[in-house]
1. Using a simple spin-label model with points 7 Å from Cα along the Cα→Cβ vector, what separation in nm is obtained for Asp157 and Ser128?
2. Which value, in debye to the nearest 20, gives the size of the charge dipole of the chain about its Cα centre, when Lys and Arg are +1 and Asp and Glu are -1 at the Cβ?
3. Roughly how far apart, in whole Å, are the Cα centres of the stretch 192-212 and the stretch 25-82?
4. Taking R0 as 25 Å, what FRET efficiency do you get between Phe190 and Met231 from their Cβ-Cβ distance, rounded to the nearest 0.05?
5. Please give the length that would be gained between Gln254 and Asn104 if that part of the chain were fully extended, namely 0.36 nm times their separation in residues minus their C-alpha to C-alpha distance (nm, one decimal).
6. Relative contact order, percent, of the chain when contacts are C-alpha pairs under 8 Å separated by at least 6 residues?
7. Can you give me the long-range amide H partners of Phe54? Hydrogens built in the peptide plane at 1.01 Å from N, cutoff under 5 Å, separation of 5 or more residues or another chain.
8. Listed highest first by mean packing, meaning other Cβ atoms within 10 Å per residue, what order do 220-233, 190-203, 144-157 come in?
Amino acid sequence: MKRTLLFVFAMATSSIFAQSWNITGNSGTNPPTHFIGTTDDKPLIFKQNNQQNFKIEGQSINIGSGAPGTGNLQLALSPCNSCYSGWAKPNDGVMRLLGGHNLNIHMDNDNAIDPNSDTSTPNSSGISRVRFSDAVHKSLMVLFNTGKVTVGTDQYDNDANFIFYVSKGIKAEQIKVESPAANGWADYVFKKEYKLRSLEEVEQHISERGHLPNIPSAKEVEQNGINLGEMDAKLLEKIEELTLYSIQQNKQLQEESKVLKYQSEKIEQLEKQIQKLLSSQK
């Protein structure tokens, strides 16, 4: 009888422990049968202070209370077209914010904690970064704690005037330059005090230096590149100078036309006088 009671007690104890999950860790588990979760289609909810803050539902992970008017961060694996996102396809990963306004991707900034940390180069010890990559491309896009952003590369220079660096080319339907040049737009060419070079001076400059005045040489462009806004202003300067040269030439041609017309009239008058003299001698 005692043996029977001991056996029943042992089985009951084993059953009780089999139904429990030790919060200090478990051993001897079998993943197919030992797990935290549900065996029906109901979501699995985790609470803190009796309030939901984490939910697993279907193929999505949800962070938030789920209460109306509160934000919910959702990470999901799309099971179908347009599931979780209007552009999602099956097996696409989707991250979205429901009920909130802003989705912030934030990282600790060593330079903010220690302003003396080394951030002199993109590879310095004080640099922290958010990197977007795939199995082939190491640096699809990289965000640095220096405020720099790179695309197609993870390298940049220390020019404080620039924060965006792109490897290879950029295609865009529109590009707007807010501040075209340090000296402003090129309309200064039309001011009365502007000193327009003579064409002889321009010819001499080209002969001596091999490029137009106030335009960088090919070697300078190769070494330093060009500022798009400033170069557009310089090119406009040359167009406006050409316009002034054309106006000057037009005025000169008009004056020459008047002279030619006057000379033509004089010649015509002389021809008539000569013809009249010849006629009177007959």
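1. 2.9 nm
2. Details: 29 positive and 32 negative charges, 193 e Å.
Dipole about the Cα centre, nearest 20: 920 debye.
3. What the calculation gives is 75 Å, centre to centre.
4. Numbers: r = 20 Å, r/R0 = 0.79.
The value I calculate is 0.80.
5. On the way: separation 150, 0.36 × 150 = 54.00 nm, distance 6.82 nm.
So the extension gain works out to 47.2 nm.
6. Details: 270 pairs, mean separation 17.0, N = 282.
Relative contact order for the chain comes out at 6 percent.
7. Those qualifying (amide H under 5 Å, at least 5 residues apart or on another chain) are Phe46, Gly64.
8. On the way: 220-233: 13.4, 190-203: 9.9, 144-157: 16.7.
Descending mean neighbour count gives 144-157, 220-233, 190-203.
The values are calculated or read from the model by the stated rules, or taken from the named source; none is laboratory data. Everything quoted here is computed from the prediction, not taken from an experiment. Cβ coordinates were reconstructed from backbone atoms using ideal geometry, including for glycine residues, and neighbour counts include every protein chain displayed. For accessibility, only protein heavy atoms count, side chains too; no ligands or nucleic acids. Shrake-Rupley method; radii C 1.70, N 1.55, O 1.52, S 1.80 Å.
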